[in-house]
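Written out below as structure tokens is the structure these notes cover.
The values are calculated or read from the model by the stated rules, or taken from the named source; none is laboratory data. Please read all numbers here as calculations on a predicted model, not as lab measurements. Neighbour counts run over all protein chains shown; Cβ positions are idealised from the backbone, glycine included.
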Amino acid sequence: MDGPAETSANQASLSNNSGVDGAVERYRGQLASIDAERERLRAKDRRFGYVRVVLFLAFVLLLVVGMLWDDVSYATWVGWGSFALCLIAVTANEPIRDKLEELNKHRSVIRRLIARLERDWEQLASKSLTRQLAAVELPGHRRDVAGDLDLLGRASLYHLVSMAATAPGIRTLAQWLAGPAEATIARSRGEAVEQLAPLRDQRLRFYTLARQIGESAGDPDHFVQWAAGKPWLAERRWLVLWSKLSVVLAVVFVLALVAAGIGVAPRGLIRFSLMAIGLLIAVNVVLTAVMLGPAHAIFSIAMSNRRAVDDYEEIFSAASWLPSEAEPDRGVSSGVAPDAAGPASGFLDSIRDRLIRSEHSAVEGMRQLRKVARAGGLRQSAGTFPIYLPLQCLALWDVLVLDRLEQWQATYADHVGGWFEALGELESLMSIAALRDENPGWCRPSFEEAANGATLRAVAIGHPLLRDEDRVCNDVSVGPPGTVLLVTGSNMSGKSTLLRSVGLNVALAAVGAPVCAREFSLPSVELASSIRVSDDVSQGVSFYMAELKRLKSVVDHAREMSGLSDRVCLFLLDEILQGTNSRERQIAVVQVLRHLIDSGAIGAVSTHDLELADEPELAEIAHVVHFRETIHPDASGNEQMTFDYKMREGVSPTTNALRLLRMVGLGEREDQQGE
């Protein structure tokens, strides 16, 4: 077994290294281009800054000169001209700053892509993302599996796979990774991933847009909640009536003022019109301050900034370039299993329908919302705020905008949730596509029918969270039902890593991703595990009782799944029942495994208790393998322990607990040895 496993591991490593190195080099080249463009735009932004300052200072200076010296009163008009030019400069400068902001987002996307490949977990983790992942709703047993296998936490599979930045994308990908590996769904996701992997430029643009949306004030979840909620003006229709009446009154009073000013109407009308306009402004200012706080909050959700709606429209429009059919030769060129070739799954078609094809598609909805956002965006831009201010004071502009916004809400409320579900699915597939593109040495898994034996088989399987140079691959087989893989070996030899390698690659297979192996086949499975267990002093739960509760959960889940015909339970148990003595542990482990096997589950168990393999009942059903260590003296004659992390047949011939004790300085004292 060692020879083929080592050969396949080396082949996988060599193939994958070339792909990863090429991806890193490509990303670093893109970073250099982005940095050069940023410097160019920063220089341009500084020049605009100087122009704005000069024009504003000229405005102030000329205004003062015009007010102090009557013979140069024209300076006042020139000053106002300078102010107008200053506003034009501010408006012209905004696209440059928008582009700089976009480049910064693009740069952070590239840096994350590199950090994933280099396994730089510190850069990948963030407090906000940790909070979002912790808030993802998962059933109890899936939350346990996620913790045991590092699916969602720091230095986790999620961080390796994910380029998601919006709440729907983060939630969807996390739920996929922690969900079951169902053949039909996984194949559909895998087919979609194969089609998205070559679209590098489109994917990078998509990642940047998603990050802009994810970091803006307009959270998609809040947008969905607002769209599905009750219109704010429904119980305040008098505000709409008053805003429309304000428009009429403002027009009448301004016309009266002009008419009186040019002599068409009595001069006394000037004073009356000014007082009426002043009163109208006062009423509208009070209404704005007292009543329209919630309306502005709605604007921050539905139209968070002047670019948010455009970003949504563009990211939804990404569905327009989604492939509709798989390329006939793609399965050969990318190493895809033969049974995976064929027409595209309905996955991308379903996303496309919700985002661009239907009558109430996301793109059409955003186009309509953009028209409202233009009116609502007057207050958000320095260049248009002077226009917004009189409109708000004279016509209660915000109410008119909100009325149009709620008309949009009534039209699209039933469809908005589906848009963002589709966005979450697309963002997840886009993330997985990067993993496929960057790791050509990883294979696409093949799913077998459970009726054919329900066995997981892997050639050169490795731990996907380890760097290529640190990873050691092995050939593994788990199943069929009625058997168990018993992994023996001394401490630190690689038993737990093997279990996690199996579980993590199953999670990758579930989402349609490539797996860290040269060959990988499995039935439809759902994971259950007991790897990381801790006591709970606050609840009076000892370590042993905590282990029992976790094992009870695993057995209960296996029993629930025993009635399913479409998938089996795959259990991974690491050093179970350590909280009791050796003889009782052996009996208890056999009983737990008997419950699992009677439920039709397949799985692997690790132990350093070598006597466990001698249990007669376990010997009948167990395929026993082991990891070992090598002890050799260093130049000073001190013992050194090394591990090759290669799995071998049979029971481990060695233990190392006492040697490790001595190596850290906790062995027997010399005076005790003399006794």
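The requirement of being modelled with pLDDT of 90 or more, within 26 Å of R116 (Cα to Cα) and surrounded by 15 or more Cβ atoms within 10 Å (Cβ to Cβ) is fulfilled somewhere in the range 38-59, by at least one residue. Selection of the range 530-563 for residues being touching a helix residue (DSSP H, G or I) at 6+ places or on another chain (Cβ under 9 Å), assigned to a loop (DSSP other than H, G, I, E, B) and modelled with pLDDT of 80 or more yields I531, R532, V533, S562.
The set of residues in the range 211-246 that are under 30 Å from L423 (Cα atoms) and polar (S, T, N, Q) comprises Q212, S216, Q225. Of the residues in the range 514-522, at least one is modelled with pLDDT of 95 or more, in a strand (DSSP E or B), in contact with a helix residue (DSSP H, G or I) (Cβ under 6 Å, 6 or more places away or on another chain) and among the β-branched types (V, I, T).
Considering (1) at pLDDT below 80; (2) in contact with a Gly (Cβ under 7 Å, 6 or more places away or on another chain); (3) of a type in the set (G, A, S), the lone condition that A613 does not fulfil carries the number (2). For the range 486-500, filtered to residues that are among the aliphatic types (A, V, I, L, M) and in contact with a helix residue (DSSP H, G or I) (Cβ under 9 Å, 6 or more places away or on another chain), the residue that is surrounded by the fewest Cβ atoms within 10 Å (Cβ to Cβ) is M492.
For (1) under 22 Å from R500 (Cβ atoms); (2) under 13 Å from the mean Cα position of the chain (by Cα); (3) in the same structural domain as L423 (by TED's automatic domain parsing); (4) at pLDDT 95 or above, each residue gets a yes or a no:
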| position | (1), (2), (3), (4) |
| --- | --- |
| L152 | yes, yes, no, no |
| Y158 | yes, yes, no, yes |
| V161 | yes, yes, no, yes |
| T166 | no, yes, no, no |
| Q175 | yes, yes, no, yes |
| T184 | no, no, no, no |
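Which one of these is closer than 30 Å to R550 by Cβ, at pLDDT below 90, in contact with a strand residue (DSSP E or B) (Cβ under 9 Å, 6 or more places away or on another chain) and among the basic types (K, R): R628, R583? Working first, answer last.
Numbers: R583 fails: in contact with a strand residue (DSSP E or B) (Cβ under 9 Å, 6 or more places away or on another chain).
Exactly one of R628, R583 is closer than 30 Å to R550 by Cβ, at pLDDT below 90, in contact with a strand residue (DSSP E or B) (Cβ under 9 Å, 6 or more places away or on another chain) and among the basic types (K, R), namely R628.
All told, L396 meets the bar of being within 23 Å of A295 (Cβ to Cβ), buried (at least 18 other Cβ atoms within 10 Å of the Cβ) and either outside the structural domain of A89 (by TED's automatic domain parsing) or modelled with pLDDT under 90 (or both). Here is a list of conditions, (1) of a type in the set (D, E, K, R); (2) surrounded by fewer than 18 Cβ atoms within 10 Å (Cβ to Cβ); (3) within 31 Å of the chain's Cα centre (by Cα); (4) more than 16 Å from M366 (Cα to Cα), and R211 meets all of them except one; can you say which number that is? Of (1) of a type in the set (D, E, K, R); (2) surrounded by fewer than 18 Cβ atoms within 10 Å (Cβ to Cβ); (3) within 31 Å of the chain's Cα centre (by Cα); (4) more than 16 Å from M366 (Cα to Cα), only one is false for R211: (2). For the range 323-339, the criterion of a residue being out of contact with any Phe, Trp or Tyr (no Cβ under 6 Å at 6 or more places or on another chain), buried (at least 16 other Cβ atoms within 10 Å of the Cβ), part of a helix (DSSP H, G or I) and at pLDDT below 90 is satisfied by at least one position.
For (1) in a helix (DSSP H, G or I); (2) without any contact (Cβ under 8 Å) to a residue 40 or more places away in the chain; (3) surrounded by 15 or more Cβ atoms within 10 Å (Cβ to Cβ), each residue gets a yes or a no:
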| residue | (1), (2), (3) |
| --- | --- |
| G278 | yes, yes, no |
| I281 | yes, no, yes |
| V285 | yes, no, no |
| T288 | yes, no, yes |
| A295 | yes, no, yes |
| D310 | yes, no, yes |
| E313 | yes, no, yes |
| F316 | yes, no, yes |
| A319 | yes, no, yes |
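Taking first residues from the range 360-378 that are buried (at least 20 other Cβ atoms within 10 Å of the Cβ) and partners that are outside any helix (DSSP H, G or I) and at pLDDT below 90, the Cβ contacts under 7 Å between residues at least 6 apart in sequence or on separate chains come to A373/M303; G376/M303; G377/M303; G377/R306; L378/T384. Out of Q586, Q591, one residue alone is farther than 24 Å from E649 by Cβ and of a type outside the set (A, V, I, L, M). It is Q591.
Do any helices (runs of 4 or more DSSP H) entirely within the range 85-164 hold 1 or more residues that are of a type in the set (V, I, T) and in contact with a Lys or Arg (Cβ under 9 Å, 6 or more places away or on another chain), and if so, which? The qualifying helices (runs of 4 or more DSSP H) are 127-134, 157-161. Contact map, the range 189-203: residues that are farther than 12 Å from A513 by Cα paired with residues that are surrounded by 22 or more Cβ atoms within 10 Å (Cβ to Cβ), Cβ distance under 6 Å, separation 6+ or inter-chain. Pairs shown: R203/M430. Number of residues in the range 56-73 that are part of a helix (DSSP H, G or I) and more than 23 Å from A89 (Cα to Cα) equals 7.
Starting from residues that are aliphatic (A, V, I, L, M) and closer than 17 Å to R370 by Cα, keep the ones in the range 400-437 and report whichever is nearest to the chain's Cα centre (by Cα). Step by step, filter the range 400-437, then rank; the result is V416.
For (1) under 15 Å from the mean Cα position of the chain (by Cα); (2) surrounded by fewer than 13 Cβ atoms within 10 Å (Cβ to Cβ), each residue gets a yes or a no:
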| position | (1), (2) |
| --- | --- |
| L103 | no, no |
| L113 | yes, no |
| R119 | no, no |
| Q123 | yes, no |
| S126 | yes, yes |
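Among the criteria (1) within 20 Å of S496 (Cα to Cα); (2) over 25 Å from the mean Cα position of the chain (by Cα); (3) modelled with pLDDT of 95 or more, the one L527 does not fulfil is (2).
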